[in-house]
Amino acid sequence: MAELRIPTINRVIIAGRLTRDPELRYTPGGKAVCTVSLAVNRRYKDASGQWQDDTTYINVVCWMKTAELVNRYLHKGSPVLVEGRLESRSWETEAGQKRSVIEIRADRIGFLEKAPGGEAEVDE
Amino acid sequence: MPELKLANLNRAFLIGRLTKDPDVRQTTNGTPVANFSIAINRRFRSPTGEIKEETTYVGIVAWQKLADLCRQYLAKGRAVLVEGKLQNRSWETEDGQKRSTLEVRADRIEFLEREYRAEAPPHQPETGVAAPAAEPYAEPAADNGKSDDDLPF
């Protein structure tokens, strides 16, 4: 039998709400890039049987047409489904400290709110 | 029509290699917890047609039996499949600044290599040593980090 090789898998699917309005920018080359911050809630029963909410905050980056649509139709509080991959970025601060962040690079953002004029889903 | 509710969805599937040996400790009440990070490589073609590689580093945390299995079988360079959810981890730096990052809380880790640290001492005489009897494959049941009674091992 032929030897196996390790496949590349980097897949994330989450549903949440925007914690603020989207921020649209353009790269020097003119590509649209939009950043949104999501709150993803999980509800669970604690040891004493009380319902608790546990919220995870996740930054999502999308590009091109998706970025424009996200910026046009979404706002703080909008519910969305995001599918994409994790990306880490690291840099050095002016003081020489190393920093890094992990965010989701979305390749699909589903709009989960019925809104006049809004497309149900945008694929990149 | 009844109102819809937002799906409870937070899932990550990753395959990568450990950047270091896992760091396995016990919490003050004795619960084992393993921390490590994996490197995930992605190859892509740049606009100029060259094949480039980009690496993403993701922190993984595992609890309970899964943490013990990590200690037993994982080491720097090992390939794993991790399934879990994204969560924030925050901490304070020595000079009092708040930082936070995303990590994956694993509820399943599959070891993707057939030779493992525990079964493969470096100078074993060749006496027909078989592959590990059971695939090290772990799936803790509970998400609350408490129950480990009904695990399949």
- Note on the structure: Lys and Arg at +1, Asp and Glu at -1: neighbours of A:Trp51 with Cβ under 13 Å from its Cβ sum to 0
- Inter-chain Cβ neighbour average for residues B:10-19, partner chain, 10 Å: 5
- Based on the Cβ-Cβ distance of A:Ala39 and B:Asp21, what FRET efficiency does E = 1/(1 + (r/R0)^6) give at R0 = 35 Å, to the nearest 0.05? 0.50
- Item | Neighbourhood net charge (11 Å Cβ-Cβ; Lys/Arg +1, Asp/Glu -1) for B:Arg17 | +2
- Task: From other protein chains only, count the Cβ atoms within 10 Å of every residue's Cβ in B:85-98, then give the mean.
- Result: 2
- Item | Cβ crowding within 10 Å averaged over residues, with B:72-81, B:54-63 ranked highest first | B:54-63, B:72-81
- Query: Measuring from label point to label point, each 7 Å out along Cα→Cβ, what is the A:Gln50 to A:Ile6 span in nm?
  - Reply: 4.3
- Listed residues A:Asp53, A:Asp21, A:Asp107, most fluctuating in chain A (Gaussian network, C-alpha, under 10 Å): A:Asp53
- Message: Quick check on chain A: helices-only [θ] at 222 nm, where DSSP H runs of length 4 and up contribute -39,500 (n - 2.57) each and the sum goes over total residues. Nearest 500, please.
- Response: -2500 deg cm²/dmol
- Query: Taking B:Lys65 as the anchor, which lysines have their alpha carbon closer than 17 Å to its alpha carbon, excluding any fewer than eight residues away along the same chain?
  - Reply: B:Lys146
- Extend 7 Å from the Cα of B:Arg114 along its Cα-to-C-beta direction; within region B:62-90, residues with backbone N under 16 Å of that point are B:79
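Every number here is computed from the coordinates shown, using simple stated rules; none is lab data. Fair warning: this is a prediction, and the values are worked out from it, not measured in the lab. All Cβ positions, even for glycine, are placed from backbone atoms using ideal geometry, and neighbour counts span all protein chains on display.
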